[in-house]
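In what follows, a single structure is set out as C-alpha cells and then discussed.
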Amino acid sequence: MATILYLCLLRTMSDSSDLSNHTGTLFIVPTPIGNLTDITQRALDILSNVAAIGCEDTRHSRILLQHFGITTPTFAIHDHNESAQVNKVIQRLEKGDDIALVSDAGTPLISDPGFVLVRECRTQGYKVSALPGPCALTTALSAAGLPTDQFHFFGFLPLKQQAKIAQLRQLNQHDFTSVFYESPRRVLDTMRLAQNELSEQITVVLAKELTKSFESYISGSCQTVINWLEEDSAHQKGEFVLMFGPAPQVSDDISEPAKQLMQSLLSELPAKKASAIVAQHYQHKKNALYQWALEQKK
C-alpha cells in the first residue's frame, strides 16, 4: 500500500500545475553491476509496480526479476529497435501507464541504450524520473586512486585499430583522468597498443568484475597491467573499466638534448614526425617542438 501511495505522489508532483494531467512516468532504474544486494528498495518497488519494464535484453533482466520475485511484464528496447519502440512507449505513457527502463547492468544510457527514448519523452513533455544507483564508471573511479577533480568518460574505445591508436595517443595531452569501458576479447590488445603510444609516466588502473567475488584493481604502468592479464587466462574474462591518469605537465621550454635530437631527426624525417618522437621521449610539447623546427628552416 505504501508503494502505491508513493507512486501516486510522484505522479502528482510531476505536474502540480495541471491536475488533469494523468500521463504516466518513465522511470530510469539502475540495476546491480554484479552484487545483487546493491539494488535499492526504491528500485524494487518501482519495478514491481510499473505497467511494464523496457529491457536491453529481456532474457538477462529476467534473471534479476525472478531473483526478487518481480512478475512485471517486460519488452525489449535496445540499440537495434529503440527508434521503433519510442512511439509504443509514449502511447502507453499517454494512457497513464508508468514504464521502467533498465539496462543489462548499471545505469541506463551510460554506454547503454535509452537516449532516443528519454530525449523524445522530454521533448513531448512526459515525466522522466531517474533513480540513483549502480554505475561501473563511478564505482571504478572512486576506488582507483586517480585524480577525480576532473575526468572524462569516453565509453568504449573504437573497434578499428587506427582509430583506437589515435585516441590513445591523445591521452598524452590530457591533464585529467580518462575512463573507458573495454570488452574481454579486446582488453589485452588495447593495453599493448597503449604501451606503445603512452608516456611511461601515465598511471594506468584496470578495474575488473566490480562488486563481485573476484573484483580486482591493477594499478601501475601499461606493462604491469599486461603482465597481470597474461599470467592467467581467467584475468582476461569479465567486465573491465580502464582508467588513465593525467599526462605529466610539460612546458614550452625545449631542453638542449631535445634540440640535438630534433636536429638529427630533421635530416631524415618531416618536422611533424620528428616533433612527435621527441615530444614523447623528452616530455616536451609537440607544438613547441614543431614551431622550433620551422624556425630553424628560416
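So here's what we get for this one:
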item: Local electrostatic count, L131, Cβ distance below 11 Å [Lys/Arg +1, Asp/Glu -1]; result: 0
item: Proxy reagent accessibility, fewest Cβ within 10 Å first, across H284, H174; result: H174, H284
item: Within region 266-281, backbone nitrogen closer than 20 Å to the virtual label 7 Å beyond the Cα of S199 toward Cβ; result: 272-281
item: Value at 222 nm in deg cm²/dmol, rounded to 500, when DSSP H runs of n ≥ 4 in the chain each add -39,500 (n - 2.57); result: -13000 deg cm²/dmol
item: Inter-label distance for L294 and S129, nm, one decimal - labels placed 7 Å from Cα along Cα-to-Cβ; result: 5.8 nm
item: For region 99-141, alpha-carbon Rg relative to the globular expectation (2.2 N^0.38 Å, N residues); result: 1.24
item: Sequence of K95, K212 once ranked by neighbouring C-beta atoms within 10 Å, starting from the fewest; result: K95, K212
item: Share of Cα-Cα pairs in region 222-284 lying beyond 19 Å, as whole percent; result: 53 percent
item: Nitroxide proxy distance, nm - points 7 Å out along Cα→Cβ at D79 and R169; result: 2.6 nm
item: Cβ-based exposure ranking for E200, E215, in which fewest neighbours within 10 Å come first; result: E200, E215
item: Evaluated over region 81-203, the Cα radius of gyration and Dmax, each in Å; result: 18.5, 58
item: Calculated log₁₀ intensity ratio I(q)/I(0) where the Debye formula runs over C-alpha points of region 145-207, q = 0.15, 0.16, 0.18, 0.30 Å⁻¹; result: -0.43, -0.50, -0.64, -1.74
item: Average projected area [Cα convex hull, region 168-296], square nanometres; result: 8.7 nm²
item: Sites D253 and D232, calculated FRET efficiency, Cβ-Cβ separation with R0 41 Å, nearest 0.05; result: 0.35
item: Prolate/oblate/rounded label for region 32-80 (Cα gyration tensor, a/c 1.5); result: oblate
item: Two-decimal Rg to Rh for region 256-296 - Kirkwood Rh, Cα set; result: 0.89
item: Of all DSSP beta bridges in the chain, antiparallel share, percent nearest 5; result: 45 percent
item: q = 0.16 Å⁻¹, region 137-244: log10 I(q)/I(0) [Debye, one scatterer per Cα]; result: -0.64
item: Sorted largest first, extent of the chain alpha carbons per principal axis (Å); result: 78, 45, 32
item: Length-normalised contact order for the chain - Cα pairs under 8 Å, 6+ apart - percent; result: 15 percent
item: Nearest-20 debye value, region 256-296 charge dipole, Cβ charges on Lys, Arg, Asp, Glu; result: 160 debye
item: Dipole magnitude of the chain about its Cα centre (Cβ charges: Lys, Arg +1; Asp, Glu -1), debye to nearest 20; result: 620 debye
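We did not get these values from a lab; they are worked out from the coordinates using the rules stated. This one's a predicted model, so the numbers in the text were calculated from it and none came from an experiment. Every residue, glycine as well, gets a Cβ built from its backbone with ideal geometry; the counts of neighbours run over all protein chains shown.
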